[in-house]
Amino acid sequence: MPITRRAFALGGTAAFAVSGLRPARAQTTARLGGMQIDMVTDGNLVLPRDFILGPMPDEGVEAILTQYNVPEGALTPPCNLTLLRHEDRVILFDVGSGPDFQPTAGLLPETLDAMGLYPEDITHLVITHGHPDHIWGLLDDFDEPYLPAAQILMGRVDFDYWTNANTVDTIDAARQSFAVGAQRRLAAVADLVTFFEDGEEILPGVAARASFGHTPGHMAFELRDGSESLMVIGDAIGNHHVAFALAGLALGFGSGSANGGANAGVAD
Ligand SMILES: [Zn+2]
């Protein structure tokens with residue numbers, strides 16, 4: 001009997017489960033009218049401290065981190081994605097790091113499996129911006145779309161930035177690999193992408209809100225059912241301790257930066 005990729009993947013998953021090595025996954029669920037919103041972990045990043053804090057003005061940032069017991073050395077920001085189940089739609093906001101960015105990230109497939117979801121179950125993938133921890137999971141180990149049934153929705157401005165051949169030359173040197181990686185992955189799925197602009201209701205109850213800055217076309221999303229709403233903010237907030245303590249402080253990131261921060265306002 002031939003071993004299909006699907007069987008291979010399932011076999012690997014089963015072995016993982018039997019071995020008892022599956023990490024526990026805390027689950028956070030919010031409800032908004034008929035919407036169910038879950039935090040979905042993709043793991044965490046390990047980033048040099050200066051990568052995130054270096055560009056920030058020195059206004060007591062380190063003191064704030066100390067106050068919240070953030071250890072010295074590398075920062076380990078969590079990568080939290082948002083999963084929205086609404087009527088017959090299963091909508092994922094960002095697709096995580098995939099297999100090739102950092103060994104501590106790219107855990108989305110295991111998380112979905114633990115939730116009883118197959119990649120084929122995701123009907124829509126909505127992208128906040130083109131950083132590695134948000135889009136490198138577009139392709140699986142075989143360079144095929146990880147979410148084969150998902151319609152992909154992405155803001156036009158950020159797509160154009162990351163697929164522009166000049167971006168690799170204009171982005172800062174530490175992030176050139178981000179540009180190369182984004183261009184390759186977005187080119188592979190370009191035919192599957194539906195583009196949108198600021199203010200559009202891209203799906204029922206999901207409105208796109210421009211939050212340009214972290215990247216040139218970064219988008220946040222307002223989820224609404226009835227009188228209540230919730231924002232999926234992507235990386236519009238970087239380090240949450242700093243952001244809430246110094247709400248007026250600009251992140252200090254250039255157009256090509258990544259901070260690996262939490263994805264959703266509902267979690268973290
Ligand atoms: Zn980012």
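Take the conditions of a type outside the set (Phe, Trp, Tyr) and open to solvent by 10 Å² or more (accessible area, probe 1.4 Å) and apply them to Asp133. Does it pass? When the stated conditions are applied, Asp133 does not pass them. Restricting Pro119, Pro148, Pro103 to those that are crowded, with 18+ Cβ neighbours inside 10 Å, free of Cβ contacts under 8 Å to residues at least 60 places away in the same chain and more than 16 Å from the ligand (Cβ to nearest atom) reduces the list to Pro119. List every residue pair whose Cβ atoms sit under 9 Å apart, with the two residues 6 or more apart in sequence or on different chains, where the first one lies in region 225-241 and is without any contact (Cβ under 8 Å) to a residue 24 or more places away in the chain and over 18 Å from Ile127 (Cβ atoms) and the second, anywhere, is of a type in the set (Gly, Ala, Ser) and more than 16 Å from the ligand (Cβ to nearest atom). Matching pairs, first to second residue: Ser227/Gly33. Could you tell me whether region 219-235 includes any residue that is assigned to a loop (DSSP other than H, G, I, E, B), within 15 Å of the ligand (Cβ to nearest atom) and either hydrophobic (A, V, I, L, M, F, W, C) or over 21 Å from Asp133 (Cα atoms) (or both)? The answer is yes, given that some residue of region 219-235 is assigned to a loop (DSSP other than H, G, I, E, B), within 15 Å of the ligand (Cβ to nearest atom) and either hydrophobic (A, V, I, L, M, F, W, C) or over 21 Å from Asp133 (Cα atoms) (or both). Go through region 122-145 and give me each residue that's among the β-branched types (Val, Ile, Thr) and within 16 Å of the ligand (Cβ to nearest atom). Matches in region 122-145: Val126, Ile127, Thr128, Ile135. For Ala267, the conditions (1) under 23 Å from Pro55 (Cβ atoms); (2) open to solvent by less than 50 Å² (accessible area, probe 1.4 Å); (3) at pLDDT below 90 are fulfilled apart from (1). Only a single item in (1) part of a helix (DSSP H, G or I); (2) within 16 Å of the ligand (Cβ to nearest atom); (3) touching a strand residue (DSSP E or B) at 6+ places or on another chain (Cβ under 7 Å) is not met by Ala179, and it is number (3). For region 52-100, a residue qualifies if it is open to solvent by 60 Å² or more (accessible area, probe 1.4 Å) and in contact with a His (Cβ under 8 Å, 6 or more places away or on another chain), and the qualifying residues are Gln67, Tyr68. Against the criterion of being acidic (Asp, Glu), part of a helix (DSSP H, G or I) and within 23 Å of Pro216 (Cα to Cα), Asp133 qualifies. Entry remark, region 184-218: residues being more than 18 Å from Glu87 (Cβ to Cβ) and either surrounded by fewer than 20 Cβ atoms within 10 Å (Cβ to Cβ) or more than 16 Å from the ligand (Cβ to nearest atom) (or both) number 21 in total. Tell me, please, whether a residue that is open to solvent by 10 Å² or more (accessible area, probe 1.4 Å) and within 13 Å of the ligand (Cβ to nearest atom) can be found in region 152-160. No, because not a single residue in region 152-160 is open to solvent by 10 Å² or more (accessible area, probe 1.4 Å) and within 13 Å of the ligand (Cβ to nearest atom). Annotation note: Cβ proximity below 9 Å between a residue of region 161-172 that is under 22 Å from Phe195 (Cβ atoms) and a residue that is exposed (fewer than 12 other Cβ atoms within 10 Å of the Cβ) and hydrophobic (A, V, I, L, M, F, W, C) (sequence gap 6+ or interchain) occurs for Thr163/Ala187.
The values are calculated or read from the model by the stated rules, or taken from the named source; none is laboratory data. Everything quoted here is computed from the prediction, not taken from an experiment. Don't worry about glycine lacking a Cβ; one is built from the backbone with ideal geometry, like all the others, and counts go over all protein chains shown. Accessible surface areas use protein heavy atoms only, side chains included; no ligands, DNA or RNA. Shrake-Rupley method; radii C 1.70, N 1.55, O 1.52, S 1.80 Å.
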